[in-house]
Amino acid sequence: MITKKVTSVIYPRLRVFSEENFRGLRRTLRGNLGIADIDSVLTGIESLRFFSTNPNATLVLFDRSAFRDNFVILRGNRSIRELDDFLRRGDVESLISSNQRLTPAQVRTIQRTGSLPSGYRLI
């Protein structure tokens, strides 16, 4: 008797690297999640790749930890070779990876409360 193994792919896929240009240690995170302090993952995230089959998938980058202060919303697949100074006012300190479209109003609510939507993992 042959049993078939069923696998499911969870998007989005966020691959983070400890060095610029997708080098160094790497870690792959899947699903809707928020990283409140990127320095706590791989002793700091310097570059990343964000992939989803959904063109409305959202990557939100914040210039302070715990999803505070200024942010930038990116849609669709992204490869960012260097996170340092990616934002106008400083380095990326926290981020949200989502397979759904997050509106600016939803991001401001997260920013104000510091809480992710239901179903999101906090890293």
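What do you reckon, is residue 94 within 23 Å of residue 55 (Cβ to Cβ) and touching a residue at least 40 places away in the same chain (Cβ under 8 Å)?
No.
Considering only the stretch 21-54, state which residues are surrounded by fewer than 16 Cβ atoms within 10 Å (Cβ to Cβ), of a type in the set (Ser, Thr, Tyr) and not in a loop (DSSP other than H, G, I, E, B).
Once the filter is applied, which keeps residues that are surrounded by fewer than 16 Cβ atoms within 10 Å (Cβ to Cβ), of a type in the set (Ser, Thr, Tyr) and not in a loop (DSSP other than H, G, I, E, B), the stretch 21-54 yields 28, 40.
What residue, among those in the stretch 73-123 that are more than 12 Å from the chain's Cα centre (by Cα) and of a type in the set (Val, Ile, Thr), is surrounded by the most Cβ atoms within 10 Å (Cβ to Cβ)?
110
Any residue that is under 19 Å from residue 110 (Cβ atoms), of a type in the set (D, E, K, R), in contact with a Leu (Cβ under 9 Å, 6 or more places away or on another chain) and surrounded by 15 or more Cβ atoms within 10 Å (Cβ to Cβ) - is there at least one of those in the stretch 58-67?
Taking the stretch 58-67 and keeping what is under 19 Å from residue 110 (Cβ atoms), we get 58-67.
Checking the rest, the ones that are also of a type in the set (D, E, K, R) come to 63-64.
Adding the requirement that they be in contact with a Leu (Cβ under 9 Å, 6 or more places away or on another chain) leaves 63.
Filter once more, so that each one left must be surrounded by 15 or more Cβ atoms within 10 Å (Cβ to Cβ): 63.
For the stretch 58-67, residues under 19 Å from residue 110 (Cβ atoms), of a type in the set (D, E, K, R), in contact with a Leu (Cβ under 9 Å, 6 or more places away or on another chain) and surrounded by 15 or more Cβ atoms within 10 Å (Cβ to Cβ): present.
State whether one or more residues within the stretch 49-71 are at positive phi and acidic (Asp, Glu).
First pass over the stretch 49-71, keeping only residues at positive phi: 66-67, 69.
Now drop any that are not acidic (Asp, Glu), which leaves 69.
Checked the stretch 49-71: at least one residue is at positive phi and acidic (Asp, Glu).
Kindly list, by first and then second residue, each pair from a residue in the stretch 100-113 that is free of Cβ contacts under 8 Å to residues at least 60 places away in the same chain to a residue that is assigned to a helix (DSSP H, G or I), limited to pairs with Cβ atoms under 9 Å and residues at least 6 apart or on different chains.
102/110; 107/67; 111/67; 113/67
Considering only residues of the stretch 1-20 that are part of a strand (DSSP E or B) and among the hydrophobic types (A, V, I, L, M, F, W, C), which is nearest to the chain's Cα centre (by Cα)?
It comes out as 14.
FYI, it's all coordinate maths here, none of it is from the lab. These numbers were taken from a predicted model, which means no experiment stands behind them. Reconstructed Cβ throughout: ideal geometry from the backbone, glycine too, with neighbour counts over all protein chains shown.
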